[in-house]
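Below: one structure, written as structure tokens.
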Amino acid sequence: SMEGSVISMIRDAKYIFDSAVDSVAPELLVRNSIKISKAEGEGCVIQAAGLRAVSARLVRLLAIGKASLRMARAAEGLLGEHLDGGIVIAQRPSSSSADGGARPAAAA
């Protein structure tokens, strides 16, 4: 029926839209672009897409821009104990944002 076809097209359009949004989610981009592995001693090896691998014991993070808060949180999850602080520069999210209205913090 015509109504069934319209409902099917709406469902397909929503699926396509949701897939497109998910593919550029800051957290997913960070997890897919940065790989962390153990190094000798207490350090780690950081491999970012398209760049040479870098060995480090401690890492300082710098994140700037619209998605910086979410990307920094994802990087923090990847780096764990190797993260030694950093700076995040972001606009203050609105109270209806995905971050729950939390104010971005800058740590040094």
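Pairing each residue of segment 1-30 that is open to solvent by 90 Å² or more (accessible area, probe 1.4 Å) with any residue that is part of a helix (DSSP H, G or I), provided the two are 6+ apart or on different chains, yields C-beta distances under 8 Å for Asp22/Leu28. The residue pairs whose first member lies in segment 79-101 and is in a loop (DSSP other than H, G, I, E, B), whose second member is open to solvent by 60 Å² or more (accessible area, probe 1.4 Å) and at pLDDT 90 or above, and whose beta carbons are closer than 8 Å, counting only pairs six or more residues apart or on different chains, are Ala90/Ile64; Ala98/Arg70; Asp99/Arg70.
Within segment 35-49, the set of residues being closer than 18 Å to Ala72 by Cα, of a type outside the set (Lys, Arg), open to solvent by 50 Å² or more (accessible area, probe 1.4 Å) and not in a loop (DSSP other than H, G, I, E, B) comprises Ile36, Gln47. Within the option set Arg52, Arg73, Arg92, being modelled with pLDDT of 90 or more, loosely packed, with under 13 Cβ neighbours inside 10 Å and of a type in the set (D, E, K, R) holds for one residue only, Arg52. Please verify whether Leu83 is of a type in the set (A, V, I, L, M), surrounded by 12 or more Cβ atoms within 10 Å (Cβ to Cβ) and either at pLDDT below 90 or in contact with a helix residue (DSSP H, G or I) (Cβ under 8 Å, 6 or more places away or on another chain) (or both), treating the condition exactly as stated. For Leu83, the condition - of a type in the set (A, V, I, L, M), surrounded by 12 or more Cβ atoms within 10 Å (Cβ to Cβ) and either at pLDDT below 90 or in contact with a helix residue (DSSP H, G or I) (Cβ under 8 Å, 6 or more places away or on another chain) (or both) - is met. Among the residues of segment 57-70 satisfying the criterion of being surrounded by fewer than 17 Cβ atoms within 10 Å (Cβ to Cβ) and of a type in the set (A, V, I, L, M, F, W, C), which is modelled with the lowest pLDDT? The residue in question is Leu58.
The values are calculated or read from the model by the stated rules, or taken from the named source; none is laboratory data. Keep in mind that what you see is a predicted model, and the values were worked out from it rather than measured. So basically every Cβ, Gly included, is an ideal-geometry build from the backbone, and we count neighbours across all protein chains shown. Quick note on the areas: whole protein, heavy atoms, side chains included, nothing else; ligands and nucleic acids left out. Shrake-Rupley method; radii C 1.70, N 1.55, O 1.52, S 1.80 Å.
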